[in-house]
1. Set the Förster distance to 25 Å, then compute FRET efficiency between residue 185 and residue 82 from the Cβ-Cβ distance, nearest 0.05.
2. Find the relative contact order for the range 3-213 and round it to a whole percent, using C-alpha pairs within less than 8 Å whose residues are 6+ positions apart.
3. Multiplying the sequence separation of residue 23 and residue 10 by 0.36 nm and subtracting their Cα-Cα distance, what value in nm do you get?
4. Could you check the simple spin-label distance between residue 195 and residue 60, using points 7 Å along Cα→Cβ, in nm with one decimal?
5. Largest first, please: the extent of the C-alpha atoms of the chain along each principal axis, to the nearest Å.
6. When the expected Rg is taken as 2.2 N^0.38 Å, what fraction or multiple of it is the alpha-carbon Rg of the range 28-116?
7. Full extension from residue 214 to residue 122: what is 0.36 nm times the residue separation minus their Cα-Cα distance, to one decimal in nm?
8. In nm, to one decimal, how far is the modelled label at residue 113 from the one at residue 221, with both set 7 Å along Cα→Cβ?
């Protein structure tokens, strides 16, 4: 077997393990609230594919489609995360997957629909701000999962939290814009700054509580 195939198989196994862990932990959280969790489906694709939300392309990175409630993942993104963005490690990859599961949580709890309705009634800048709050909440939910998984299965190894925080910083809007165009345009942000993404991921990690992830009620992000 070629080296890259072995790496891809290892990545696929990690993704499957993380997704299974999110199902266990979110099922647990939903049961505590008298509800039943309906898991998302994971779809792997190779550079180009299609989804219930339209085309899937590796340039888009991992994404969640609320129309079919599936997570779409071109695992070459993890190569980019490691080699181009400097965010290596298993937990960096786990954070990315758990973030997309966070969007699934927003869909099945009605948050996504509410935000989309609000976005339709405001301008682009205000709509972008709402999207930032959506993304930061998904970061926080990723932290909630990791907290609960650590408590249940000793998930975290030394350095894992740092890997996750490094990944969160690497994909902050300000960092990506500075790298790509040499300047930042805050009103165009759709995911939050590196500092904000780290802050909300850490909040979920430290609390293990969905209620701590109310980005929409927060005065400051």
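1. Numbers: r = 27 Å, r/R0 = 1.09.
About 0.40, to the nearest 0.05.
2. Details: 309 pairs, mean separation 40.5, N = 211.
Here the relative contact order equals 19 percent.
3. Working: separation 13, 0.36 × 13 = 4.68 nm, distance 2.02 nm.
Computed gain between residue 23 and residue 10 is 2.7 nm.
4. If labels sit at residue 195 and residue 60, their model points lie 3.2 nm apart.
5. Result, largest extent first: 54, 47, 35 Å.
6. Details: Rg = 14.3 Å, N = 89, 2.2 N^0.38 = 12.1 Å.
Ratio of Cα Rg to 2.2 N^0.38 Å: 1.18.
7. Working: separation 92, 0.36 × 92 = 33.12 nm, distance 2.07 nm.
Extending this stretch completely gives an extra 31.0 nm.
8. The answer from the label model is 2.4 nm.
Every read-out reported here was derived from the displayed coordinates using simple, explicitly stated rules and does not represent laboratory data. Being a predicted model, the structure only gives us computed values, none of them experimental. Virtual Cβ from ideal backbone geometry, glycine too; neighbours counted across all protein chains shown.
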